[in-house]
Amino acid sequence: MAESSYQLSYPECRDLLRRRLAEPAPGRVQVLAGPRQVGKTTLLLELAESFGAAAIYLAADGPEAALPGAWERLWTQAEDLAQTHRCVVVLLDEVQHLHDWAA
């Protein structure tokens, strides 16, 4: 059962995620959950745009995620970006489509 204190509006959620993602390292995982069609993908794309070149967006249900080596390429790209940016944000959309994602 969800408590109303955990239900945020789109702007509140966006601002909270921006603050959390701006926190200093070490890295962390933020989970954005909600019912279908509430703007989760829109929010991730907006965050990717705001972080610019320091963000990597991957839709796990997209064709590029199904290609062999996609996961390894993602982490290699993140490591390369980390060499030139203060931080790197990896935004995974539809993560439940990745095999064994929780591990």
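All conditions in (1) touching a Leu at 6+ places or on another chain (Cβ under 7 Å); (2) among the hydrophobic types (A, V, I, L, M, F, W, C); (3) assigned to a loop (DSSP other than H, G, I, E, B) hold for residue 38, with the sole exception of (1).
Within region 62-78, the residues that satisfy the criterion of being assigned to a loop (DSSP other than H, G, I, E, B) and open to solvent by 90 Å² or more (accessible area, probe 1.4 Å) are 67, 68. Only one entry in 91, 81, 58, 32 is surrounded by 15 or more Cβ atoms within 10 Å (Cβ to Cβ) and part of a helix (DSSP H, G or I), namely 81. When the criteria are applied in full, residue 39 meets the requirement of being touching a residue at least 24 places away in the same chain (Cβ under 8 Å) and of a type in the set (Gly, Ala, Ser).
Of the candidates 9, 50, the single residue that is of a type in the set (Ser, Thr, Tyr), loosely packed, with under 15 Cβ neighbours inside 10 Å and without any contact (Cβ under 8 Å) to a residue 24 or more places away in the chain is 9.
For region 66-87, the criterion of being closer than 14 Å to residue 17 by Cα and of a type outside the set (S, T, N, Q) is satisfied by no residue at all.
The values are calculated or read from the model by the stated rules, or taken from the named source; none is laboratory data. In this text, all values refer to a predicted model and were calculated from it rather than measured experimentally. Every residue, glycine as well, gets a Cβ built from its backbone with ideal geometry; the counts of neighbours run over all protein chains shown. Calculation scope for accessible area: heavy atoms of the full protein, side chains included, ligands and nucleic acids excluded. Shrake-Rupley method; radii C 1.70, N 1.55, O 1.52, S 1.80 Å.
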